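Peer 1: Starting off with a structure, shown below.
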Amino acid sequence: MDGAALHQKPKPERPRIGVDLGGTKIEALALAADGSELVRRRVATPQGDYAGTVQRTAHLVLSIETEIGGGESSVGVGIPGTLSRASGVVKNANSTWLNGRPLDRDLGAALARPVRVQNDANCFAVSEATDGAARGAAIVFGVILGTGVGGGLVIDGRVVDGPMGVTGEWGHNPLSRPEADERPGPACYCGRRGCLETFLSGPGMAARFVEAGGPSGTALEIAEAARGGDARAAAYLERYADRLARGLASVINVLDPDVIVLGGGLSGVAMLYDRLPTLLPAHVFTDRVDTRIVPPVHGDSSGVRGAAWLWPPETARRV
């Protein structure tokens, strides 16, 4: 190797593009090497049209690249499902037209480069572990408390999704230490009863409140009523926090994460961050619970940011 080669400056890292492929919208952004946002765009999802979804996603990526100056960026995509390790096609997506399709290969062919596809909860966890609420933590569990209940595990900055791609699906474990009125539990769409999702999701929380004698309303309306002094809503929110603590305790006993980041609509309920640290010790197998329970830094943007971070920096330079 000659002297010129030894002193050659490394090529600057190209921007990275993340895509959040949702049921109603496709959102994409480009991040600079330091994580700053360069541009963000969104378009409507062609619902029920797989080929149209691939085409529109590819066009969105290419238009962003043109806007920021051209050249190929790394591309990561978050979806409301996962890629099957057995078949290589999408499974478990509530955007059902994606199921059974090799999205990573088809989108990669449309863009003429490799594309990484991950579950959107994993993308959320990657975002918060990379430059969010859990930045610098070795083991991070990202929790989604929204329409459903999901999660993602990140260790040393990388997603751990397992041979079946179901790591983090704690929402389909049963509620721990159920009380008499919690057995056998509500029916879940997965075909089982008593899944954590039926208690802890937004719709599940609202349905259980009605069963307990409360008025109908959304989960956030219940939380707001509790904050405003409604005694019945406050008592129910306390029970919700206890159920959440029992569910998270099972995660902590298995993974012992440094940080758990709450995401989804219910992550904005401030009371949870006060009560969980006091409720967890009764259920965790230790003398002191040091796990930090924190709200997200990037909020609703974490999914699309995490998709961009699916390619580590040293890989993004080579794409």
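Peer 1: Once phi is turned into θ = phi - 60°, what whole-Hz ³J(HN,Hα) does the Karplus curve with 6.51, -1.76 and 1.60 give for every residue of the range 79-85, x standing for Gly and Pro?
Peer 2: 10, x, x, 7, 8, 5, 6
Peer 1: Counting other Cβ atoms within 10 Å of each Cβ, which chymotrypsin sites (Phe, Trp or Tyr not before Pro) in the range 89-188 have at most 16 and sit in a DSSP loop?
Peer 2: none
Peer 1: Mind giving me the FRET efficiency for ARG105 and GLU13? R0 is 22 Å, r the Cβ-Cβ distance, nearest 0.05 is fine.
Peer 2: The pair ARG105/GLU13 has a calculated efficiency of 0.30.
Peer 1: Further question: Tell me the angle of helix 120-131 to the major Cα principal axis of the chain, expressed in degrees between 0 and 90 and rounded to the nearest ten.
Peer 2: Helix 120-131 sits at roughly 70 degrees to that axis.
Peer 1: Something else now. Give a quick list of trypsin sites (Lys or Arg not before Pro) in the range 224-319 that DSSP marks as loop, anything other than H, G, I, E or B, with at most 12 other Cβ atoms within 10 Å.
Peer 2: Taking the range 224-319 and a limit of 12 other Cβ atoms within 10 Å, the loop trypsin sites (Lys or Arg not before Pro) found are ARG288, ARG318.
Peer 1: Using Cα centres only, tell me the gap between the range 165-193 and the range 55-104 in whole Å.
Peer 2: The range 165-193 and the range 55-104 have Cα centres spaced 30 Å from each other.
Peer 1: Obtain the nm distance between the two label points defined at ALA207 and ALA187 by a simple spin-label model: each point lies 7 Å from its Cα along the Cα-to-C-beta direction.
Peer 2: Spacing of the two 7 Å Cα→Cβ label points: 0.9 nm.
Peer 1: Hey, another quick one. Around GLY152, under 12 Å between beta carbons, what's the net of Lys plus Arg minus Asp minus Glu among the other residues?
Peer 2: Around GLY152, the charge tally is -3.
Peer 1: Give me CYS123, CYS188 ranked fewest to most by other Cβ atoms within 10 Å of their Cβ, as a rough exposure proxy.
Peer 2: CYS188, CYS123
Peer 1: While we're looking at this one, here's another question. Cut-off is 10 Å between beta-carbons; in what order do ILE293, ILE17, ILE260 appear when sorted fewest neighbours first?
Peer 2: Going from least to most buried by this count: ILE293, ILE260, ILE17.
Peer 1: List the chymotrypsin sites (Phe, Trp or Tyr not before Pro) within the range 231-293 that DSSP assigns to loop and that have no more than 10 neighbouring Cβ atoms inside 10 Å.
Peer 2: For chymotrypsin sites (Phe, Trp or Tyr not before Pro) across the range 231-293 that sit outside H, G, I, E and B with at most 10 neighbouring Cβ atoms in 10 Å, the list reads PHE285.
Peer 1: If you wrap a convex hull around the Cα atoms of the range 133-296, how much volume per residue is inside, in Å³?
Peer 2: Spelled out: Cα convex hull of the range 133-296, divided by residues, is 112 Å³.
Peer 1: Semi-axes, largest first, in whole Å: what does sqrt of 5 times each Cα gyration tensor eigenvalue give for the chain?
Peer 2: The three semi-axes for the chain are 37, 22, 18 Å.
Peer 1: Also: Helix 231-255 sits at what angle to the longest principal axis of the chain, using alpha carbons and giving 0 to 90 degrees rounded to 10?
Peer 2: Orientation of helix 231-255: about 50 degrees from the principal axis.
Peer 1: Now, a different point. Could you give the length gained by full extension between ARG113 and ASN253, i.e. 0.36 nm per residue of separation minus their alpha carbon distance, to one decimal place?
Peer 2: This chain segment gains 46.4 nm when fully extended.
Rule-based calculations on the coordinates, nothing more; no lab input. Just so it is clear, the structure is predicted and the values come from calculations on it, not from any experiment. Neighbour counts are summed over all protein chains in view; Cβ atoms, including those assigned to glycine, are modelled from backbone coordinates with ideal geometry.
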